[in-house]
Structures are given as structure tokens and as C-alpha cells.
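Following: one structure in C-alpha cells, then a few remarks.
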Amino acid sequence: MNAYLVFILAILIGSYILDIVVEILNIRHLKTELPEEFSGYYDAEKYQTAQRYLKENTRFGLITETLFTPLTIAFILLGGFNYVDALARSFNLGPIPTGLVFTGILLFVSQLIHIPFSAYATFVIEEKYGFNRTTVKTFILDILKGWLLTALIGGIVFSVILWFFEKTGTWAWLYCWGAVTVIQLFLSFIAPVVIMPLFNKFIPLKESELKAAIEEYARTQAFKMKGVFTMDASKRSSKSNAFFTGFGRFRRIVLFDTLIEKQTVDELVSVLAHEMGHYRKKHILKSVLISIATTGLMFFIMSLFINNKALFAAFRMEHTSIYASLLFFGFLYAPIEMVLSIAGTMLSRKHEYEADAYAVTTHCKPDAMITALKKLSVDNLSNLTPHPLKVFLSYSHPPVLERIKAIRHISC
Ligand SMILES: [Zn+2]
């Protein structure tokens with residue numbers, strides 16, 4: 001049997017088994033009695049609801065994976081990629097358009113199959129727990145806009161990568177790295193102004209006690225920014241959040257309207273102080289640099305597998321091509337990607353503690369920070385007691401009880 005095929009099947013089945021084990025451990029790790037810290041924030045009934053929400057989401061996730069893992073394996077073993085390739089080649093286009101058709105068909109079909117699952121998650125599960133505010137119209141428009149953006153941006157990026165690998169030989173990976181980095185930086189500059197408004201409305205925060213408090217805090221920290229905006233997150237979900245977008249002078253703070261509804265001025269300023277902490281501690285810059293470095297690593301390893309005959313045999317392909325090489329490489333790269341992602345979440349959790357510490361030492365209202373975190377957890381029905389393995393593998397933020405414990409140890 002083809003060694004690449006064995007390796008790829010082992011990865012697909014291995015990661016499926018790992019997911020099942022982690023999710024079962026996580027469910028078993030649930031504590032039925034409410035952690036002391038949260039008494040007064042959760043009543044017994046709501047805490048039960050939070051646990052049912054977690055269990056239902058976990059079960060749904062595992063069912064989805066149980067359907068898609070065998071489907072992916074069957075598609076590989078039955079030579080599905082070769083059928084799609086034959087179809088793409090039948091149009092007799094050049095290598096780049098053929099690559100776009102090939103990838104486009106695969107992406108489109110896979111997204112189409114996922115729609116019923118995403119509809120169930122939104123209109124059945126989220127609805128049942130009172131989160132859903134998405135209308136069918138918003139749901140459909142989101143999908144269409146997502147496709148349009150993927151076709152446009154993905155199409156450009158994929159064409160550029162194919163062109164370099166077709167035309168420039170040995171150093172193609174280096175050119176791809178440079179080009180993709182430039183495109184990524186450009187996109188993150190224009191995203192707040194061009195892309196995000198396609199999905200949500202951003203309205204400058206009206207003159208209010210909140211706005212005055214935010215500006216006052218930003219002034220004491222000499223923090224330059226473009227403004228404070230509210231986002232109509234409530235059109236999709238009642239869950240709440242806040243974030244920064246943009247760079248340098250163009251930075252803008254975005255508060256979900258759902259967050260403003262629920263938190264006091266001190267709590268909201270604490271949340272923003274945390275977000276500013278990410279800038280001040282250069283977390284954003286570090287993440288961008290790390291992402292650039294790993295992109296380079298990926299392109300270099302990718303270049304070693306272009307038109308690899310044995311790899312194409314694993315997928316039962318009749319013809320080799322650069323576009324299919326890129327796709328198949330994705331299967332090989334999955335374990336490296338997983339290691340990088342675990343390292344990334346570890347770093348991110350460290351950054352969260354640092355941003356909390358920054359918020360508490362500069363805003364000096366640890367109690368407001370703590371109640372803000374508690375309200376966020378309750379509103380979003382977050383898991384208060386996740387299993388450590390689940391945290392290690394995928395949590396970008398430390399569990400809320402650990403964050404609260406750490407905040408209590410900071411003096412301002
Ligand atoms: Zn953060």
C-alpha cells in the first residue's frame with residue numbers, strides 16, 4: 001500500500017479518535033455543582049442549562065465529524081479527486097484556470113454539504129438556548145457574501161501561488177511567501193473598512209458617560225485610536241464580545257451592542273483596557289510576525305512535494321498538477337499545523353494573562369474586571385470547568401476561573 005496513503009489515513013483517523021477522547025474527557029470533567037466564585041451570577045437552573053448547552057454542542061460536533069471523516073476517506077479511496085480533475089480538465093483551459101475550477105468545485109461542494117449542519121447549529125441549537133437572533137435572510141446572505149469573498153480573495157491568492165510555482169521553479173516558495181504576506185497585510189488594513197461592513201453595521205459610539213470614560217482612559221494611557229464603534233452583533237446572536245481592528249492611528253475599538261446592554265461603564269472600560277493591553281504588550285505584532293514565519297515554513301515544505309508521483313498515486317490521480325499538489329499537501333501538513341496551533345494557543349493564553357494584568361494595573365479596578373469576565377461567561381454559557389487536555393489543545397483563552405485567580409494576585 002502507498003506510504004502516503006497510509007500516512008494520510010492515519011492522520012485522518014488519528015485526529016478523529018483524538019477529538020472523541022478529548023470531548024468525552026471534557027464532558028466527564030463537568031462539575032454539577034456551581035463553582036463558589038460564580039454564586040450569585042448563575043442560578044442552579046441556568047447553570048444546568050449551560051451544561052446541557054455544552055453537551056448538546058459536543059454531541060452535534062461529534063456526529064458531524066463521524067459523518068465527514070468516513071466521507072473524506074471514501075472520497076480519497078474511490079478516486080474522487082481524479083473525477084473532479086477530469087471534469088476541470090475537460091474545459092481545456094490553461095493550468096491556472098483549470099486549477100481554479102478544480103479547487104472551486106471541491107470547495108463549493110464541501111461548503112454546500114456543510115450548510116444543513118450550520119443551519120441546524122444556528123436555528124435549532126442556538127435557538128433552543130436563546131442565543132439565536134439570525135433570520136433566514138441574514139443566514140443566506142452571510143453564506144452568499146462569504147462565497148463571493150472566498151471566490152474573489154481566494155481566487156487571487158490561489159492564482160498568484162500557482163503562477164509562481166508554474167513559472168519560477170526552485171525559489172517559487174520564497175516568492176509565494178512574499179506575495180501572500182503582502183496580500184495578508186493589505187487585507188488586514190482594509191478589512192475594518194471594506195470587508196467587515198459587508199457583514200455588520202459599525203456606528204460611532206454616541207456621546208455618553210461610556211464614551212467619555214473610554215476616551216479618558218485612552219488619554220491617560222496615551223493610546224491613539226481612530227474611534228469607538230458599536231457593532232450590531234445582536235442581528236445574529238445574543239452572545240457578547242469586544243475587539244480592536246486596524247493598525248496604528250487607524251485602530252478602532254469595536255463593542256458588540258450586546259455587550260453594552262449588559263455591562264457597566266467600569267466593566268466595559270476594563271474590557272477595553274484588556275484589549276489595549278494586547279497592543280501595548282505587542283501581542284498583535286508578535287502574532288503577525290509568527291504567522292508570517294509559519295507561512296514561510298509552510299511554503300518551503302510545500303515546495304518539496306510539488307508533483308510528487310507517489311503522493312498523486314495515493315489520491316488515485318491520473319495526471320500530476322501543481323494545483324492538486326497544493327491541495328494534497330494540505331493533508332500531509334495537518335500534523336505540523338496541529339503542533340503549530342497548539343503552540344499558538346499556549347502563547348495566546350500567556351498573552352491573555354498579560355493583557356488582564358495590564359488592564360488591572362492601569363485601570364486599577366480589579367473587581368470590575370472580574371465581574372466583567374463573570375458576566376461574559378454567564379451570557380455566553382461558557383464552560384467554567386473545561387478538561388485540561390481540551391484547554392491545552394484548543395483554548396485561546398485560559399479558563400475563566402484561572403483568569404480570576406490570577407487577577408486577584410495583581411496589585412495596582
Ligand atoms: Zn484578550
Original post:
Packing-wise, with mean Cβ within 10 Å as the measure, how do 274-280, 234-240 rank, highest first?
Top reply: 274-280, 234-240
Original post:
Could you list log10 I(q)/I(0) for region 241-303 at q = 0.13, 0.19, 0.26 Å⁻¹, which the Debye formula gives when each Cα is one point scatterer?
Top reply: -0.50, -0.77, -1.07
**OP:** Tell me what the chain gives for mean residue ellipticity at 222 nm when only DSSP H runs of n ≥ 4 count, each as -39,500 (n - 2.57), the sum divided by the residue total, rounded to 500 deg cm²/dmol.
**Re:** -22500 deg cm²/dmol
**OP:** Considering Cα pairs under 8 angstrom that are at least six residues apart, work out the relative contact order of region 315-412 and quote it in whole percent.
**Re:** 39
**OP:** Just subtract the alpha-carbon distance of residue 45 and residue 89 from 0.36 nm times their residue separation and send over the number in nm, one decimal.
**Re:** 10.0 nm
Original post:
When DSSP assigns beta bridges and you keep just the ones with both residues in the chain, what percent turn out antiparallel, to the nearest 5?
Top reply: 55
**OP:** Just flag the chymotrypsin sites (Phe, Trp or Tyr not before Pro) in region 330-412 sitting in loop per DSSP whose Cβ has no more than 11 other Cβ atoms within 10 Å.
**Re:** none
Subject >> Inter-site label distance for residue 196 and residue 289 at 7 Å from Cα along Cβ, in nm >> reply: 2.4
Original post:
How do the peptides 119-131, 137-149 rank, highest first, by the average count of neighbouring beta carbon atoms within 10 Å per residue?
Top reply: 119-131, 137-149
Original post:
What full-extension length gain, to one decimal in nm, is calculated for residue 159 and residue 211 as 0.36 nm per residue of separation minus the Cα-Cα distance?
Top reply: 14.2 nm
Original post:
Going from most exposed to least, what order do 114, 387 have by accessible area with a 1.4 Å probe?
Top reply: 114, 387
Original post:
By residue number, which cysteines of the chain lack any other Cys whose Cβ falls under 4.7 Å from their Cβ?
Top reply: 176
Original post:
Given 46/286; 145/350; 211/235; 206/390; 235/375; 281/390, which pairs have Cα atoms separated by over 29 Å?
Top reply: 46/286; 145/350; 206/390
Subject >> Under 13 Å from the Cα of residue 282 - aspartates and glutamates, other chains or at least 8 residues apart >> reply: 352, 354
**OP:** Could you state the angle between the C-alpha long axis of helix 366-379 and the longest principal axis of the C-alpha atoms of the chain, as a value from 0 to 90 degrees rounded to the nearest 10?
**Re:** 50
Subject >> region 22-107: GluC sites (Glu not before Pro) in DSSP coil with no more than 12 other Cβ atoms inside 10 Å >> reply: 33
Original post:
Which Rg and Dmax, in Å, describe the Cα atoms of region 92-139?
Top reply: 16.6, 51
Original post:
Which three extents, in whole angstrom, do the alpha-carbon atoms of region 174-318 cover along their principal axes, largest first?
Top reply: 66, 33, 23
Subject >> Length added when fully stretched, residue 310-residue 25, from 0.36 nm per residue minus Cα-Cα >> reply: 98.8 nm
Original post:
Between the DSSP loop rule and a limit of at most 14 other Cβ atoms within 10 Å, which trypsin sites (Lys or Arg not before Pro) in region 1-89 are left?
Top reply: 31
**OP:** Considering Cα pairs under 8 angstrom that are at least six residues apart, work out the relative contact order of region 297-343 and quote it in whole percent.
**Re:** 35
**OP:** Before anything else, pin down the relative contact order of the chain: Cα pairs under 8 Å, at least 6 apart, normalised by residue count, whole percent.
**Re:** 21
Subject >> Label-to-label distance, nm, for residues given as residue 62 and residue 78 (7 Å Cα→Cβ offset) >> reply: 2.7
**OP:** Please express the shape of the chain as an equivalent ellipsoid: the semi-axes are the square roots of 5 times the eigenvalues of the C-alpha gyration tensor, given largest first in whole angstrom.
**Re:** 41, 26, 21
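The values are calculated or read from the model by the stated rules, or taken from the named source; none is laboratory data. Predicted model, so just to flag it, every value in this text is computed and none were measured. Because the Cβ atoms are built from the backbone with ideal geometry, glycine has one as well, and the counts that use them run over all protein chains shown. Surface accessibility is based on the protein's heavy atoms, side chains included, excluding ligands, DNA and RNA. Shrake-Rupley method; radii C 1.70, N 1.55, O 1.52, S 1.80 Å.
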